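Bear in mind these aren't lab numbers, they're just calculated from the coordinates by the rules spelled out. Bear in mind that the values here come from a model prediction, so they are computed numbers and not experimental data. Glycine gets a Cβ as well: all are built from the backbone with ideal geometry, and neighbour counts include every protein chain shown.
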Amino acid sequence: MKITYIHHSSFSVELERSVLLFDYFEGEIPEFDPEKSVYVFASHKHHDHYDKKIFELAERYPHILFILSGDICMNSKYMDRIGIPNPARDRIRYIGKNVSCEYREGQSSISVETLASTDEGVAFIVSCEGRSIYHAGDLNWWKWWEEGDDWNRSMERDFLREMDKIKGRHFELAFLPLDPRQEEDYYLGFDCFMKTAHADRAFPMHCWGDFSVIDRLKKDRCSLEYRDKIIEIKKDGDSYEI
């Protein structure tokens, strides 16, 4: 597998016959083999996880599907108004929360499961070519003191409910929020995931350009049992062969 960090929460994963592209809104997308099946995921409609520019890829890659969270759902009039290219329109599939779907495009097929985000949209569990990959979107243990105790308790409950659904599961790759804006609570969601499921490699994301938070986690005693699995991202465009 070749994994490329594009920007913020966006990654591409290149497999033998397939390419997975997650939550693109900005940055340089690698060039892919046009014979491969390309699956483009958007976990929700927030501007830092989705942009209509993704649909331009349909003009370059003939074997492409767009798998979008249901909150992005567009009718034909809206697509006309915002200029969605015609080649992309019948390539769009919408997916809801807590469902499982199978997709086939070109020479490959994938299985996609979703969890309910604690913000908007979904988290993705993708099985493709024998690999199991988790992309959290904005499913995270968000804790904001300005929201008050009731809100934070509700957030904790909702996040732990979703983690219970994947308890003990194995993933080759996990893409997980690690947001420095949460200050001393920055590690909560990442740490809980790593101690609930099993991930061979964990890629921090949603760091808002502050990659020092990755080193902070690797030095934090909470990460002792999994710190060697955390990938240290330095900049947009970093790629990794696994």
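Among THR196, THR118, THR4, the ranking by other beta carbons within 10 Å of each residue's beta carbon, starting with the fewest, stands as THR196, THR4, THR118. Dipole orientation for segment 111-242: of the candidates PHE211, GLY121, CYS192, CYS192 has the Cα lying most toward the positive pole (charges on Cβ; Lys, Arg +1; Asp, Glu -1).
Starting with the highest mean, order 205-218, 7-20 by the number of other Cβ atoms within 10 Å, averaged over the residues of each peptide.
Values: 205-218: 16.5, 7-20: 21.4.
Descending mean neighbour count gives 7-20, 205-218.
Restriction of the trypsin sites (Lys or Arg not before Pro) in segment 115-175 to DSSP coil positions whose beta-carbon has at most 10 other beta-carbons within 10 angstrom yields LYS167.
In units of the compact-protein estimate 2.2 N^0.38 Å, segment 184-242 shows a Cα radius of gyration of 1.08.
Starting from the Kirkwood radius over alpha-carbon pairs of segment 101-242, derive D by Stokes-Einstein at 37 °C in a medium of 0.692 mPa s and give it in µm² s⁻¹. Intermediate results must be reported in sequence, preceding the final value.
Working: Rh = 15.9 Å.
Reported coefficient: 207 µm²/s.
Here's how it looks for ALA197: its modeled amide H is under 5 Å from those of GLY168, which are all 5 or more places away or on a different chain.
Measuring between alpha carbons in the structure, the pairs from LYS53/LYS218; LYS53/LYS229; LYS36/LYS234; LYS143/LYS218; LYS45/LYS195; LYS2/LYS77 lying more than 31 angstrom apart are LYS53/LYS218; LYS53/LYS229; LYS2/LYS77.
Of the listed values [x] 17.6; [y] 12.7; [z] 20.8, identify the label whose number matches mean projected area of the Cα convex hull in nm² calculated from this model. Matching entry in [x] 17.6; [y] 12.7; [z] 20.8: [y].
What are the GluC sites (Glu not before Pro) within segment 160-225 that DSSP puts in a loop, where the Cβ has at most 16 other Cβ atoms within 10 Å? Before the final figure, lay out the partial values.
On the way: sites: GLU162, GLU172, GLU183, GLU184, GLU225; in loops: GLU225.
Passing both the DSSP loop test and the Cβ count: GLU225.
Quick one: ILE82, ILE6, fewest Cβ neighbours within 10 Å first, how do they rank? Each step should come with its number before you reach the end.
Details: ILE82 9, ILE6 22.
The order, fewest Cβ neighbours first, is ILE82, ILE6.
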